[in-house]
Amino acid sequence: MRVYVPSTLPGLAEAHKTGELGPGPLTAYAVTPGLREWYVSDDIEELEYAALNRAAAASLRLLAADPAAARRRVVVAVDVPDKEAVSDPDRGLDSAGLGEVRIAAAVPLAKAAAVHVDADDADTDVSAAAAALGAADHGDDDAQFVVDGAEDHELLWYGVQEIDRLIG
């Protein structure tokens, strides 16, 4: 199963140093039954893109909690056995938990298929979105508009062999 693990550039650097994403348990995003039902699609690429975007939103939350981190969302795409990515059936259609899975243990970085990272030109919008996230969570429509501005930026695809360049 392909899962999308939200991170930050410092988190990616730590994973590169230790050789694993973790420690567990990890929250990741995948094509779950709830995500399939919510998006009403059978197109796996479309559904994986939705899971990637859910992970990008979680990465933004990590950035909001770490003001020192570079303002670029990071998502690591990892392949794990299906049984290792467990979704909570009680949160299946809860919009806050769409596509969310738990992985009990750290995941070797060697299982990563790709890394998705914001381009440099997203810095201003991602920074503003991270700062506005708290207000958006409390119903501020203007703050939500700012948060949505980060989502206008597509994450770029990088091969795992390019991690050195991303964190350097």
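Helices assigned as whole DSSP H runs in the chain whose Cα atoms extend at least 18 Å along their own long axis and whose mean Kyte-Doolittle hydropathy is 0.0 or higher are found at 44-65, 123-137. Scalar couplings 3J(HN,Hα) for the stretch 99-115, obtained by applying the Karplus form with A = 6.51, B = -1.76, C = 1.60 to θ = phi - 60°, are x, 6, 9, 10, 10, 5, 10, 4, 10, x, 4, 4, 7, 5, 9, 6, 10 Hz; x denotes Gly and Pro. In the distance distribution for the stretch 24-99, Cα-Cα pairs more than 18 Å apart total 44 percent. With bins 10 Å wide beginning at 0, the percent of Cα pairs of the stretch 99-168 falling in each bin runs 18, 32, 34, 16, 0. Taking Rg/Rh (Cα atoms, Kirkwood Rh) as calculated from this structure, the corresponding entry among (i) 0.95; (ii) 0.98; (iii) 1.18 is (i).
Distance between the 7 Å Cα→Cβ label points at D140 and I44: 4.2 nm. In this structure, the amide hydrogen of R73, modeled 1.01 Å from its nitrogen in the peptide plane, lies closer than 5 angstrom to those of D118, counting only residues at least 5 positions away or on a different chain.
Values quoted throughout were computed directly from the atomic coordinates according to the rules given, and no laboratory measurement underlies them. The shown structure was predicted, so the numbers you read here are calculated from the model rather than taken from an experiment. Note that we place each Cβ from the backbone using ideal geometry, even for glycine, and neighbour counts take in every protein chain shown.
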